[in-house]
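Have a look at the structure below, then the notes.
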Amino acid sequence: MGNQKDLPLAGIRVAEFGQFIAAPGAAMLLADLGADVIKVEALRGDSARRFDGTSTQSPMFLAYNRGKRAMALDLRKPDGIDAARRLALSCDVVLHNARPGSMESLGLDAATLRAARPELIHASVTGFGTRGPSRLRPGLDIAAQAESGMMSVTGEAGGQPLKVGFALIDAATALATSNAIIAALFRRFRTGLGETI
């Protein structure tokens, strides 16, 4: 492996406001390609840090957060929101998996940030989109497996539906999101235009 500066996304800066797998996994893949990823966590940290009941860092947290820097901000206070906004506007990419409406209430949504910085790439990961009756439901991997019918084809013949052995939907979402961000970065390189994903 060559120098970190030789990686394809060297020089790209990403602000990640993510928890668990989908957004953190996408940001991790960007970090693997050389992006400088700054993970923003609540003062208590990403919920995945203690997901398995440990008092330190769970294997799930470690698996999806390699290669990142991290900072803790209290987004319930004006100083924390101001720091988050300054960070976001200093980055090439902002990525989150907050519930619809959360980033808007903080002024960290795509419309607000891209009005100040049109070349910004802003990616949101949601379980059920931003409109419609299910938009506020949490986007849990197990719900997606159940509702998609995936669980009906796993397990033993004649038995009940079973969850796939790992968070397949979240992992696939991370891959699709990172690919969309890379495509938007390539488009920005050619046109100077940012994107809302």
Of everything in segment 50-89, what is open to solvent by less than 30 Å² (accessible area, probe 1.4 Å), outside any loop (DSSP other than H, G, I, E, B) and at pLDDT 95 or above? Give them in sequence order. Gly80, Ala83, Ala84, Leu87, Ala88
Looking at segment 90-110, which of its residues are surrounded by fewer than 22 Cβ atoms within 10 Å (Cβ to Cβ), in contact (Cβ under 8 Å) with a residue 40 or more places away in the chain and aliphatic (A, V, I, L, M)? Ala98, Ala110
Output the number of the condition that Ser47 fails; it satisfies all remaining conditions of (1) polar (S, T, N, Q); (2) open to solvent by 60 Å² or more (accessible area, probe 1.4 Å); (3) under 17 Å from the mean Cα position of the chain (by Cα). (2)
So the helices (runs of 4 or more DSSP H) completely within segment 90-197 holding 1 or more residues that are modelled with pLDDT of 95 or more and within 30 Å of Asp79 (Cβ to Cβ) are 102-106, 110-116, 168-191
Among the residues of segment 16-28, are any of a type in the set (Phe, Trp, Tyr) and modelled with pLDDT under 95? yes
Among residues of segment 139-166, those that are over 15 Å from the mean Cα position of the chain (by Cα), open to solvent by less than 80 Å² (accessible area, probe 1.4 Å) and within 30 Å of Leu33 (Cα to Cα), counted: 3
For segment 1-28, how many residues meet the condition of being of a type in the set (Gly, Ala, Ser) and part of a loop (DSSP other than H, G, I, E, B)? 4
Looking only at segment 1-33, which residues are surrounded by fewer than 19 Cβ atoms within 10 Å (Cβ to Cβ) and of a type in the set (Gly, Ala, Ser)? Gly2, Ala10, Gly11
Any residue at all in segment 182-195 that is open to solvent by 30 Å² or more (accessible area, probe 1.4 Å), within 15 Å of the chain's Cα centre (by Cα) and of a type in the set (Gly, Ala, Ser)? no
Residues that are open to solvent by less than 50 Å² (accessible area, probe 1.4 Å) and in contact (Cβ under 8 Å) with a residue 40 or more places away in the chain, drawn from segment 167-181: Ala167, Asp170, Ala171, Thr173, Ala174, Thr177, Ser178, Ala180, Ile181
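The values are calculated or read from the model by the stated rules, or taken from the named source; none is laboratory data. Only a predicted model underlies this, so the values are computations on that prediction, with no experimental measurement involved. Here the Cβ is made from the backbone with ideal geometry for all residues, glycine too, and neighbour counts use every protein chain on show. Please note that ligands, DNA and RNA were not included when accessible areas were found on the heavy atoms of the full protein model with its side chains. Shrake-Rupley method; radii C 1.70, N 1.55, O 1.52, S 1.80 Å.
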